Amino acid sequence: MTPASSAASNHVQTVNRFTRQSSTGRHLKRHWERDGGLISGYGYATSCPNTNFLKGVKWSPDGACLLTASDDNWLRLYDIPQDARVADCLRHPDLLPYEPNSAPAEASTAELFSEADAADNLPPALRMHAGETVYDYCWYSRMSTTDAVSCCLASSSRGQPIHLWDACSGTIRCSYRGYNDVDEPTAAYSLAFSPDGGKLLGGYNKSIYVFDVARPGRDYKRVVTHKRKQPESIAGIVSCLAFSSIGDVFAAGTYTGAVGIYDARTYELLLILTGNRGGLTQVMFSSDGNYLYTGARQDDQMFCWDVRSTYEAVYTMQRDTAKTNQRIQFDIEPCGKHLITGGCDGAVTVFDLQSGTQVDHQRIAADTVNGAAFHPSLDLIATASGHRRYTDFSDPGDSEDDPAVVVDHGNGQGRSLQRPNNSLLIWRLYQQHVTLPDSSSDLGIPATDACNP
């Protein structure tokens, strides 16, 4: 991996935080500060006339780098800055004003575009062209920068087989090809590696293909998820997949809103969960494998399911995704206490997973936040923003000096913005213990943090 450039030297104020109550009567405050860079060429690329928005962000299993996909059909790999935990924070025109509840200053389009020419401080270490629209991408589950063989990732795009990319050179190592009922090549809509790295699952129309990672090509096992005369099945395209941490079961969500829980050894359907109104875009198990969290498009509710003993949702969590078809990513804290998600309102929302209650809601972007991910071991969070926009040529009185005025159709509100905000940002979390007037604080028992004992 090539070392990334250091962060910018400008300072910003702390703008975001979330709190949680500890058992000893103290609050643990986590402050967020900007420490990231923006995607190069995020404005109006020639291959992306509708703006080059991002499609989520994913940390590598060892936390050494992160991966994004964007509308220009490129996968970009970023190495984490070596001084990410100590570097000064970032000022950039794509960031919101630092004062809470303050309105952005009025500026002409020309001024906004001149500000947008500010250099990004986190350039991609690798760029991999997927060829067509990227459906899904994921890291190899056993990836470690100390083992070059394990440094790889998988991607699936329209009209393409599943490609396994070398994360050191950016070249394709091998491909896994799926075929439909009439023996035509077909693309996978979702991907997931098993925890041991031996299997690669691909979600297809009414089927899940199980590939042996060590045997690329056409060799796979097909698991049919829906048959006409089979009442207990999940219909539609398998849009998302996720293994439990142990790897004994996996979840498959479809665009019809149903979730199936399968045995990872026999591929038997164990449980069907229904409740989301829209098509599922992400499923994720808790760290202990007892709970499953689901999120869908055109649906403002995320569901928590107890996969051990119930067909009813334990609780639901609200987010601003009711009017978008975009995948809005969520992630669970490594210690399993909180869940973070983006939204169409440009904010990230944090929930306490013990009760499902919202503990923080902070607006961090002037655009849709479509990705949010916790670092697997450090106090860092990565966020991705942006969605599809269309140039408005309806007003003949627009000045020729105005490069573009784009109309927002991503969340159904039809608002206009002078400049898109397609940004990849890395945030630092700072912790501060504040003693509250609680009787337990007089016991002299120090507070402990589940993430940093």
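The values are calculated or read from the model by the stated rules, or taken from the named source; none is laboratory data. Computed from a predicted model, the values in this text were never measured in an experiment. With ideal geometry, Cβ positions are generated from the backbone for all residues, glycine too; neighbour counts draw on all protein chains shown. What goes into the accessible areas is simple: the full protein's heavy atoms, side chains included, and nothing from ligands, DNA or RNA. Shrake-Rupley method; radii C 1.70, N 1.55, O 1.52, S 1.80 Å.
If you consider only alpha-carbon coordinates, what radius of gyration and Dmax does segment 303-371 have, in Å?
Here Rg and the maximum Cα pair distance are 12.7, 42 Å.
Just grab the label-to-label distance for ASN290 and CYS335, each label 7 Å out from Cα along the Cβ direction, in nm (one decimal).
Computed distance between label sites ASN290 and CYS335 equals 1.8 nm.
What is the spin-label model distance, in nm, from ASP212 to CYS174 if the labels are put 7 Å beyond Cα along the C-beta direction?
According to this spin-label approximation, the distance is 1.0 nm.
Along the charge dipole of segment 187-268, pointing to its positive end and built from +1/-1 on Cβ of Lys, Arg, Asp and Glu, which listed residue (LEU200, PHE243, PRO216) has its Cα farthest out?
Towards the positive end, the residue furthest out is PRO216.
Take the Cβ-Cβ distance between ASN205 and ILE246 as r, set R0 to 30 Å, and report the resulting FRET efficiency rounded to the nearest 0.05.
Once the sixth-power term is evaluated, E becomes 0.55.
Determine one quarter of the surface area of the Cα convex hull of segment 252-337, which equals its mean projected area, and express it in nm² to one decimal.
5.7
Can you tell me what the convex hull of the Cα atoms of segment 210-314 projects to on average, as an area in nm²?
Over all viewing directions, segment 210-314 projects a mean Cα-hull area of 7.3 nm².
Among CYS168, CYS240, what's the order by accessible area (1.4 angstrom probe), most exposed first?
CYS168, CYS240
Between ARG363 and LYS221, with labels modelled 7 Å along Cα→Cβ, what's the label distance in nm to one decimal, could you check?
A separation of 5.1 nm, rounded to one decimal place.
Below 18 Å, Cα to Cα, which lysines can LYS221 reach? Residues fewer than 8 away in the same chain don't count.
Cross-link targets: LYS199, LYS206.
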